[in-house]
Amino acid sequence: MKRRILTWLTAVCMAVSMLPLSAMAAGAGTVTFADVTDKSTAVAVETLRLMGVLDGYGDGSFRPDSVLNRAQFCKMVVYAMAGEDQLGRYSTVTVFPDVKPSHWAAGYINMAAKGKGIIAGYPDGKFHPDQTVTVGQAVTILLRLLEYKDENVGGVWPDSYMAVGAQVGLTDGVGSNGNAPLTRGQAARLFLNLLRANKREGGSYLSTLGTPVTNTMLVSATATGTDGKNNALQIADGTVYQLASGKTSNGSLNGLRGTMVVNAHGQAVTFVPDSTGASRVITLSTCTTTQITDSNGVKYTVKSDTKSFYNGEETSWGSVSSWVHAGTALTLYLGDSGNVEYIFVGGGGSATAAVVVYDDHSATGFDALTGGITGYSIYKNGASAGLGDLRKYDVAIYSAATNSIRVCDTRVTVYYESCKPNPKEPTTITALGQEFDVLPTAMESLSKFKPGDQMTLLLTEGGQVAGAVEASGNAARSNAVGIVSSSGTVQMLCGTAKIEVKASNAGSFKGQLVRISASKSGVTLSRLSGGASGELNVSTRKLGSVALSENVMVFRNGEDVALSQLTSGILPASQITYARTNWAGQVDLIVLGGAANTDTVIYGRAVVKYEDDEWVWNADKGDNETKRDGVNGHYETVDGQKIWVWNDDAGPNAEKEEGVNGRYTSRTKLEVDYGSGLSVGPFATGFTARNGDYVAVTLNKSGNGYASLVTLDKMQGVSNSAWSGQSAVTIGGRTYTVASDVPCYNKDAGTWISLDAAHAYASTANIYVSGGAVRVIEVSH
């Protein structure tokens, strides 16, 4: 095991070797290329490397900008059509006079020319193997693999072939200049496009290589195969495929959706990621079995049976939705129409390696973690972060699916119960009554401990062990917290992981958030209290003077509550039981005590309504009013004395004397319209709003008045060109999200219309925003 880890690290660090890379990779385990920094090219390179189409150089580089010659390209073509088993019959013949049997590429060139008829020589009868291959020549050869002939393409070369190549997606990401020399990076993109393409007469090209297992998700490149080695590919449904090439994936394809190509022996030829759709990482606000709302208010429609990968297994969203809480990171895989087709709870895929940060703000090891890919985003505990936010003992993993570094700072002190297979090289350990997977990077630090010891585990956002340190001292103090259910089970909050803990005293903390630790005597729970203090202002997203994090978690009675549901405006400090601040000094966890108003916020247009003048009697009916017994009052005897008691309304026949016993007054009431036939009110209110203002209101508990009213911020004259589809608009450098049901008002017509109709009506709009989201849109000419 140690030997495998050491050689794996050697490969990741790109140690210089003069061996051919294929030999180095076989011994080293995984191969990454530091000079491939483009994510799309890296995915293509790894897909093709696994099936032997291309590889790197002995110094650990790939050299994506190096130009290919015709002989090198022929070799790639043979492997791309799985023809390497037939090379023997073509290695001893001479098809071209300049390619003798002694030439290193003779078998590849002869097979492509004579065996498959997909390549030809020059008019002089020679092949010119060392001549640079052009993009047009490469596209022509691959179109012939797709069964296109000259009569199907046209008579102008290379333009006709380049045009057809573009139509079938073969040249996506490659370029349109057919006369340009083909680079190694372009070749990788070109061959991946071939694997995704269909043949001219129908059917996928992949079906010529084996049996395609479509619409699946690759979740691990280190599963245990039939040969007992940990280099097999595992898809989300749990099926494991040994790679036919014997190579080991570097994990950059993990978390991607695509097609597994399986040969006649049940082995994987390679995994081909899909080119369609997109992945999007969101922070969860609320969810049901049919809808997901992110922290910006964007809503996604989802089906209860949508496949989801959670806690190491594939299940349905209906089963997952009740387990995830506000602040959880979700990776949504969207189809071409924007519908959610697959959900990863987390940043995408399970981790195969991790980096423990040992110095504040340090990115040491990140290049090895990403395989040299640059341009990645950093998320810490589900929130956007930067290098300046990293602290000692943070744990980082890489999500190739979203090109993001996922950082978690969860640490838990545990009693080491047991391990497998042994304490020196554990692959799993048991603590807190649960079995934790151990990443290779954690083995060295874990080897210093043995069952019976107390230690502090450093966890990934998926609940895997990335390292271990001494429990004593303040070096890595435990910070794990959990929710105690009504059944007495504790669910520890650790990124996307579902870690259930049993504690003997859990019954004393039902419905509460607790701090978790463990010793030889058992799991210890302690109530959370204190932290940041002050009133919670939902509108300004502050607790006292401290800002809330973008993925703040709010709990009440042990249940998570989305911040958007807390519409009481301001919650007093007396309702805040506990508030935790994160690495950035922002509040990321709030525990509420007692009930809170969770009525819905209504965004709309204020309509001020005036009622007819109304008579209001004075409380004492005036000093000069005539007393009419039985009409506007009556006499009562109190303590032997006769006193006059006025009626409250002065009676039906009382004479109104303005300024004497009453007065006329005009009452105004406020209605808020937010769609065609949709409104609240009108209610008399102490809040001030002008007719036509756009506001956010909440109702009081009785539903007969407003509990809060805030005027929305106005962005005037925003051009339609600022929109990114229908879900986002960028104003002044800031991007605001847009809900699909955002209210849109045509000021000229005085009617509510759809978003499409608003765009069609005017080239600009007044946009009203709050909390980073568009709440109302107004158009006019």
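The values are calculated or read from the model by the stated rules, or taken from the named source; none is laboratory data. Note that the coordinates shown come from a computational prediction; the quantities given were computed from them, not determined experimentally. Cβ coordinates were reconstructed from backbone atoms using ideal geometry, including for glycine residues, and neighbour counts include every protein chain displayed. The accessibility values were calculated without ligands, DNA or RNA, using every heavy atom of the protein model including side chains. Shrake-Rupley method; radii C 1.70, N 1.55, O 1.52, S 1.80 Å.
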Review point. Taking the Cα centre of the chain as the origin and placing charges on Cβ (Lys, Arg +1; Asp, Glu -1), which of Ile405, Gly511, Ser763 is farthest toward the positive end of the dipole?
Key: Ile405
Review point. Assuming R0 = 22 Å, what is the FRET efficiency of Thr540 and His781, from their Cβ-Cβ distance, to the nearest 0.05?
Key: 0.05
Practice item. May I ask you to compute the full-extension gain from Asp274 to Gln86, defined as 0.36 nm times their residue separation minus their alpha-carbon distance, rounded to one decimal in nm? Key: 64.7 nm
Check your understanding: What Kirkwood radius, in Å to one decimal, follows from the Cα pairs of the chain?
Key -> 30.9
Practice item. Place the peptides 224-230, 431-437 in order of packing, highest mean first, counting for every residue the other Cβ atoms within 10 Å and averaging per peptide. Key: 431-437, 224-230
Review point. Highest mean first, what order results for 41-54, 742-755 on Cβ atoms within 10 Å?
Key: 41-54, 742-755
Revision key, fill the gap. Here the gain from full extension of Lys199 to Thr364, 0.36 nm per residue of separation minus their alpha-carbon distance, amounts to 54.8 nm
Revision key, fill the gap. Ranked output for segments 195-202, 691-698 by mean other Cβ atoms within 10 Å, highest leading, reads 691-698, 195-202
Review point. What FRET efficiency would be calculated for the residue pair Asp35, Val645, taking the C-beta separation as r and a Förster radius of 56 Å, to the nearest 0.05?
Key: 0.05
**Study point:** Expected 222 nm ellipticity per residue - DSSP helices of 4 or more, -39500 (n - 2.57), all of the chain, to 500
**Key:** -3500 deg cm²/dmol
**Study point:** Relative contact order (percent, whole number), the chain, Cα cutoff 8 Å, 6+ residue spacing
**Key:** 7
Check your understanding: For the chain, what is the accessible area per residue in Å² when the probe is 1.4 Å?
Key -> 44
Point to revise | the range 393-481: relative contact order as a whole-number percent, Cα under 8 Å and 6+ apart | key: 31
Review point. Along the range 282-293, what does the Karplus equation 6.51 cos²θ - 1.76 cosθ + 1.60 (θ = phi - 60°) give for ³J(HN,Hα), rounded to whole Hz, x for Gly and Pro?
Key: 10, 9, 5, 9, 9, 7, 10, 6, 10, 8, 10, 10
Point to revise | His265-Thr94 FRET efficiency (beta carbon distance; Förster radius 30 Å; 0.05 resolution) | key: 0.30
Check your understanding: So, in nm, how far is label Ser529 from label Val240 when the simple model puts each one 7 Å beyond its Cα toward the Cβ?
Key -> 5.0
Practice item. For the chain, with all protein chains present and a 1.4 Å probe, just round the carbon and sulfur fraction of the accessible area to a whole percent. Key: 46
Exercise for review: Can you pull the one-decimal nm distance between simple spin-label points at Lys450 and Asp130, each 7 Å off the Cα toward Cβ?
Suggested key: 6.4
Exercise for review: Might you work out the accessible area of Asp59 for me, using a 1.4 Å probe with all protein chains in place, and round it to the nearest 10 Å²?
Suggested key: 70
Revision key, fill the gap. Scoring the range 131-265 by relative contact order with C-alpha pairs under 8 Å, at least six apart, yields a percentage of 20
Practice item. Would you mind classifying the range 238-349 by shape? Square roots of the alpha carbon gyration tensor eigenvalues, ordered a ≥ b ≥ c; an a/c under 1.5 is rounded, otherwise it is prolate if a/b is larger than b/c and oblate if not. Key: prolate
